[in-house]
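Written out below as structure tokens is the structure these notes cover.
Every number here is computed from the coordinates shown, using simple stated rules; none is lab data. Everything numeric here is computed off the predicted structure, so don't read it as measured data. Here the Cβ positions follow ideal geometry from the backbone for every residue, glycine too, while neighbour counts run over all protein chains shown.
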Amino acid sequence: MSMIEKRLSALSIWFFENLLRCEGISHFISTRIGGYSNAPFDSLNLSFNVGDDEKRVMKNRKLLAETLGISLNSLTTAKQVHDAHVEIVTKGSRGKGATDYKGAINAADAMVTDAADTCLMALLADCVPILFYDPSRRVIGVAHAGWKGTLRSVARNTVSVFRKDFDCSPKDIVVGIGPSIGPCCYEVGKEVVGQAENLFGANQGYIGKESASGKGYFDLWQANLRQLVEAGIPEENIETAKVCTCHHPDLFFSYRHENGRAGRFGAGIVIR
Ligand SMILES: [Zn+2]
């Protein structure tokens with residue numbers, strides 16, 4: 001793994017090396033460690049929408065924001081629906097969903113902005129967090145990609161918004177692909193295998209160990225990496241954590257490991 005873990009007071013926060021080198025932004029991948037929630041959301045659950053006590057979620061978000069030196073009211077979240085819509089976040093929508101679920105941006109799995117002090121945050125438990133930064137145009141983005149979002153090309157769509165709406169050149173964009181369920185654990189049914197092969201072609205290496213049952217293991221990291229490279233981002237600009245959430249349930253929330261009753265960790269980025 002290439003990510004850097006930092007112990008910041010009670011919290012364990014992970015950072016991409018390539019994004020740490022960029023000036024003018026902050027970013028983070030949070031873990032389960034150091035929060036206030038009880039099992040099964042123990043302990044740093046950041047989602048208001050998984051059945052956890054809202055007051056504890058609020059305390060967790062405050063603790064995270066304070067620890068990172070980010071304003072709580074700048075935490076901007078979306079209602080994630082496993083689709084591929086990219087929301088352009090303006091100053092006016094800064095902080096939507098910071099303190100409740102109903103105020104979050106409606107139905108978006110990616111967000112892009114050039115507004116300063118606006119922290120875009122995705123919430124995760126096995127899906128892939130992808131953070132984007134164009135240091136040349138000073139534009140940031142975040143995407144949430146599970147198998148549906150990956151097949152619906154949410155990562156590619158995010159690059160399109162950088163290009164078309166912010167006049168960015170993909171070669172300038174720096175990307176981190178964060179912890180998620182890995183190809184070691186992500187068994188999928190033959191329906192998903194079929195859809196992935198239709199989209200990417202068979203034998204691309206995204207679906208491994210196919211058994212007689214038709215099931216396979218989906219490599220979401222490779223599938224998203226290829227999407228980003230095809231969208232014009234140089235491979236050397238992309239850092240992949242290659243950390244499996246299902247393999248590290250002590251560190252990260254994992255929907256599959258917890259049989260669906262799991263909290264959410266956060267992946268965020270903000271222009272200073
Ligand atoms: Zn695994």
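Here are a few things to note about the model shown:
- Our estimate of slack between residue 9 and residue 261, defined as 0.36 nm per intervening residue step minus the Cα-Cα distance, is 88.0 nm.
- Gain in span if fully extended, residue 160 to residue 83, counting 0.36 nm per residue against the direct Cα distance: 26.2 nm
- Pairs of Cα atoms nearer than 8 Å and 6+ residues apart set the relative contact order; for the chain it is 24 percent.
- The charge dipole of region 206-269, taken about the Cα centre with unit charges on the Cβ atoms of Lys, Arg (+1) and Asp, Glu (-1), comes to about 360 debye, rounded to the nearest 20.
- Neighbourhood net charge (13 Å Cβ-Cβ; Lys/Arg +1, Asp/Glu -1) for residue 95: +2
- Summed residue charge, Cβ within 12 Å of residue 117's Cβ, Lys/Arg positive, Asp/Glu negative: +2
- In the chain, the calculated helix contribution to ellipticity at 222 nm averages -6500 deg cm²/dmol per residue, counting -39,500 (n - 2.57) for every DSSP H run with n ≥ 4.
- Radius 13 Å from Cβ of residue 81, net charge of other residues (Lys, Arg +1; Asp, Glu -1): 0
- Cβ-to-Cβ counts within 10 Å put 221, 147 in ascending order as 147, 221, the fewest first.
- Dimensions (Å) - the chain, Cα atoms, principal axes, largest first: 50, 45, 33
- For a paramagnetic label modelled on residue 167 (point 7 Å from Cα along Cα→Cβ), amide N atoms under 14 Å away belong, within region 120-141, to 136-139.
- DSSP finds beta bridges in the chain, and of those with both partners inside it, around 80 percent are antiparallel.
- Label-to-label distance, nm, for residues given as residue 20 and residue 184 (7 Å Cα→Cβ offset): 2.2
- Whole-Å distance, taken between Cα centres, linking region 103-175 and region 209-250: 17
- For the set 62/96; 102/164; 148/190; 6/62, the pairs lying more than 21 angstrom apart at their alpha carbons are 102/164.
- Farthest positive-ward along region 224-268 dipole, Cα basis, beta-carbon charges - from 260, 238, 249: 260
- Placing +1 on the Cβ of every Lys and Arg and -1 on the Cβ of every Asp and Glu, with no other charges, gives the chain a dipole of roughly 500 debye about its Cα centre.
- Were the residues from residue 235 through residue 39 laid out at 0.36 nm apart, the gain over their Cα-Cα distance would be 66.6 nm.
- Protection proxy ranking of 93-101, 75-83 - average other beta-carbon atoms within 10 Å, highest first: 75-83, 93-101
- Over region 1-92, the pair-distance histogram of Cα-Cα distances with 10 Å bins from zero comes to 14, 40, 38, 8 percent, rounded to whole numbers.
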